[in-house]
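Everything below concerns the one structure shown next.
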Amino acid sequence: GDPKEPLPAVVVQQGTLIRVESGASSDTPMLEIKDVAMTALEDPPGVVTVAGTGRTDVAGPVRFNGIAQRGAGDFTGTIDALDIPIGPELVQRIAAFYPSAADQMRYLRGLGKVQASVAYHPASAQPLTYDVVGRLSNGALNHARLPQPLEEIDASVHCVNGVIPLAHLTAHAGAATLDLTLKDVTPPAKMPPDDWYDVVGEVDLQVHH
């Protein structure tokens, strides 16, 4: 509406928010947030503040907020999912959109956490920017190419506008301990990539015992 006209307060209770990805191999929504409790208030004039909580069907509870500038169309927001059960149900959802990645994660278990921020400035040269931090704790991975399953996985990844400046993982494989650091990673368009040298800027892997 006209930015000069005040907006009424908007309150949502027991709402549902659905994110659909076009071209997916399944009719299942990419993300469905239920039990949404949300408010949108214009205060001061021209600035709308949105805050809410909900529960996703596969990723646990979420909390989100945002600030929109009505005149310029600018928006900044955050979304946090701090208790994500990583297992077959989540991997199956990922498979509908990224089959090759899901194949590598099929036997991954653990507890996940994601904290993301997004900004949209239509007048900027790069209108949309985002910053995402993901964490896996108490994880386990069994894979056909691993001599032994990885256990007690503690991993983190930082993604900024499609590039991963830093990812770190520690784990145990039997009596051995692993410590892996990746820097300046550009996720490939397909998995596996044609050449890993085109994807990863720096790798440091230490294996003890």
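The values are calculated or read from the model by the stated rules, or taken from the named source; none is laboratory data. Note that the structure is predicted; figures quoted are calculated from it, not measured. Methodologically, a virtual Cβ is constructed for each residue, glycine included, from the backbone with ideal geometry; neighbour enumeration extends over all protein chains shown. Areas reflect the complete protein model, heavy atoms only, side chains present, ligands, DNA and RNA absent. Shrake-Rupley method; radii C 1.70, N 1.55, O 1.52, S 1.80 Å.
Residue 127 passes every criterion in (1) within 30 Å of residue 47 (Cβ to Cβ); (2) modelled with pLDDT of 95 or more; (3) of a type outside the set (A, V, I, L, M, F, W, C); (4) surrounded by 14 or more Cβ atoms within 10 Å (Cβ to Cβ) apart from (4).
Candidates 49, 76: the one that is part of a strand (DSSP E or B), in contact with a Leu (Cβ under 6 Å, 6 or more places away or on another chain) and open to solvent by 30 Å² or more (accessible area, probe 1.4 Å) is 49.
Residue check: is residue 175 exposed (fewer than 15 other Cβ atoms within 10 Å of the Cβ) and either in contact (Cβ under 8 Å) with a residue 40 or more places away in the chain or among the small types (Gly, Ala, Ser) (or both)? Considered against the rule, which asks whether it is exposed (fewer than 15 other Cβ atoms within 10 Å of the Cβ) and either in contact (Cβ under 8 Å) with a residue 40 or more places away in the chain or among the small types (Gly, Ala, Ser) (or both), residue 175 comes out as yes.
A search for C-beta distances below 6 Å between a residue of the stretch 144-167 that is more than 18 Å from residue 203 (Cβ to Cβ) and touching a residue at least 24 places away in the same chain (Cβ under 8 Å) and any residue that is surrounded by 14 or more Cβ atoms within 10 Å (Cβ to Cβ) and of a type in the set (S, T, N, Q), counting only pairs 6+ apart in sequence or on different chains, returns 161/129. When residue 94 is tested against the conditions (1) closer than 22 Å to residue 128 by Cα; (2) not in a strand (DSSP E or B), the lone failure is (1). If you go through the stretch 135-166 and keep only what is small (Gly, Ala, Ser) and either more than 18 Å from residue 199 (Cβ to Cβ) or surrounded by fewer than 18 Cβ atoms within 10 Å (Cβ to Cβ) (or both), you end up with 137, 139, 140, 144, 156, 162.
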